[in-house]
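Chemist: Take this structure first; my questions come after.
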Amino acid sequence: MRKKVRTKLIVFNGLFMLSMIILFSKQLVGLSFTSDRSIIQALSITIVIMAIIIFFYVNYQLLRKHEELEGVDTYNLDRLVTPQDYIVALSSYRNKKAFLYDINEVIGQIQRFTRKQNALITLLYQNFNNDDNLASLSEIVNKTERMLYSNIKLILNRLSIFDELEYESMIAKKTQTAQEDKKYQLTMEHITYVKNLRERNEELLLEFDRLLMEISRMIASEEPNDLSNIKDFIDSMEKLHMDKDQEMEELENKYKEDK
């Protein structure tokens, strides 16, 4: 839990307990449910009910604030290694409702790629005895993995700087000033950026599916395993990555200019 939120929780709950002690201590205020005076009994019940409401409301708001900050500084991009590392990092931003669909989809992409990757590695080691062929195909797997997780790191970077509360405030307004409208357009470009990265990964997964199918076809045929048969798939994946890199760079530059 972030230090600032934790401190506020400790201070509030400490003051809350102290105030209850002061109010119900016989030596101090002297409130009591068993007092002979009905007004004291009524006041005691009222204060307790109000105190319970305040207690839960303030604690809820502080914990909610903690959840809003949870995605910030809770991981280091350079230390994200395993698929689970990336899933945990993405999950920490689920409180940002504008990206909830994208986050869930990207987590699904990670899980799908992991399954496909394992399936392909199994196919390679079971059916390709030539070390050169095996090395070449393994490089394709590694290259796809690098492209996929490179895109996810870009998504995480963008999620970390997105102001969800400001976005909700803009959405709630029926009318906007020219400056607010410009800020809204900038925010929508921000959302588009993440969406494009998600779609980019989806295209990578589609190409990877085609690669799996082609290798499976080669294995099922009686012809010798010839890696030249899948060259088009490799070139397609590389070209896709280069084209999308240029698209994302243009969008990134536009975002920085508008900001």
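Chemist: What are the residue pairs meeting all of these: first residue in the stretch 23-40, first residue under 19 Å from Ala51 (Cα atoms), second residue open to solvent by 80 Å² or more (accessible area, probe 1.4 Å), Cβ atoms under 6 Å, and 6 or more apart or on different chains?
Modeler: These pairs meet every condition: Leu23/Val29.
Chemist: Is it the case, given these coordinates, that Ser35 is among the hydroxyl-bearing types (Ser, Thr, Tyr), over 37 Å from the mean Cα position of the chain (by Cα) and surrounded by 13 or more Cβ atoms within 10 Å (Cβ to Cβ)?
Modeler: yes
Chemist: Among helices (runs of 4 or more DSSP H) lying entirely in the stretch 92-205, which contain 3 or more residues that are modelled with pLDDT of 85 or more and open to solvent by less than 60 Å² (accessible area, probe 1.4 Å)? Before the answer, list the steps.
Modeler: Values: elements: 100-127, 131-161, 164-172.
So the answer is 100-127, 131-161.
Chemist: Something else now. Take Phe33 and tell me if it is in contact with a helix residue (DSSP H, G or I) (Cβ under 9 Å, 6 or more places away or on another chain) and not in a helix (DSSP H, G or I).
Modeler: The answer is yes for Phe33.
Chemist: So, one more: So the check is Cβ under 7 Å with 6+ separation or different chains; which pairs have a first residue in the stretch 92-105 that's free of Cβ contacts under 8 Å to residues at least 40 places away in the same chain and a second one that's surrounded by 20 or more Cβ atoms within 10 Å (Cβ to Cβ) and part of a helix (DSSP H, G or I)?
Modeler: Sorted first by the residue in the stretch 92-105, then by its partner, the pairs are Arg94/Ile103.
The values are calculated or read from the model by the stated rules, or taken from the named source; none is laboratory data. From a predicted model like this one, the values you see are computed outputs, not experimental measurements. Backbone-built Cβ (ideal geometry, glycine too); neighbour counts: all protein chains shown. We work out accessible area using only protein heavy atoms, side chains counted, and drop any ligands, DNA or RNA first. Shrake-Rupley method; radii C 1.70, N 1.55, O 1.52, S 1.80 Å.
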